[in-house]
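**Student:** Right, I'll just put the structure down here and ask away after.
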Amino acid sequence: MGRPNQTNYPTGWGIGKTLYNDTPLEVSIETQQIDASGKIWADTMSLFDGIGHQISQSQANGESSPWNRTDTCVDGDGRPYRKTYPYQASTNTGTPTCSGPSDTFVYDALGRGTSVTHSDSSVATTTYTGRAAM
């Protein structure tokens, strides 16, 4: 399919590997950085829904709950309506969590972002005049 699956870094720096899972409803891309001795020192997993929207991203953290995960929930138009703050998870796969501390997004009839509400109830709003954001 012409997708990159390995990056060779300069001598002594190791390699980068990209692993693809194309299983329907479980599409993912995992990126690993591997040092010259073969040890994985960075590992990131991105999950996608059935039509290609990124719904989760996890980064290995080396702790007992081995993943720092962020989930994104999308509406019927594919726009994010909720994005969680990073949380520790035991797995880098599975259904996104659409609850807990997060930012929520609201859009106008033209699909433009109009507000972001943070978990502390603070709100950032955007207003539009014609084509320009104010």
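**Student:** Nearest 20 debye, what's the magnitude of the dipole of segment 1-50 about its Cα centre given +1 on Lys and Arg Cβ and -1 on Asp and Glu Cβ?
**Tutor:** 240 debye
**Student:** Also, I was wondering about something else. How many nm separate the modelled label positions at THR95 and SER37, each set 7 Å beyond the Cα in the direction of the Cβ?
**Tutor:** 4.2 nm
**Student:** Taking the Cα centre of the chain as origin, work out the dipole magnitude from +1 charges on Lys and Arg Cβ and -1 charges on Asp and Glu Cβ, in debye rounded to 20.
**Tutor:** Dipole about the Cα centre, nearest 20: 280 debye.
**Student:** A further question follows. I want the local charge near ILE29. Using Cβ-Cβ distances under 14 Å, sum +1 for each Lys or Arg and -1 for each Asp or Glu among the other residues.
**Tutor:** -3
**Student:** Still on this structure, I have one more. Would you tally the net charge around TYR128, using a Cβ to Cβ cut-off of less than 11 Å, leaving TYR128 out, and scoring K and R as +1, D and E as -1?
**Tutor:** My count for the surroundings of TYR128 gives +1.
**Student:** Under 8 Å for C-alpha pairs, at least 6 residues apart: give me the relative contact order for the chain, rounded to a whole percent.
**Tutor:** Computed over the chain, the figure is 11 percent.
**Student:** Further, regarding this structure: Of the labelled options [x] 15.5; [y] 17.1; [z] 16.4, which one gives Kirkwood radius over Cα pairs in Å as computed for this structure?
**Tutor:** [y]
**Student:** If the elastic network links every pair of Cα atoms under 10 Å, which of THR72, THR84, THR95 fluctuates the most in the Gaussian network model of the chain?
**Tutor:** Maximum fluctuation in the GNM of the chain, among the listed residues, is at THR95.
Computed from the coordinates by the stated procedures, all read-outs in this text should not be read as laboratory data. Keep in mind that what you see is a predicted model, and the values were worked out from it rather than measured. Cβ sites come from the backbone with ideal geometry, for glycine too, and all protein chains shown count toward neighbours.
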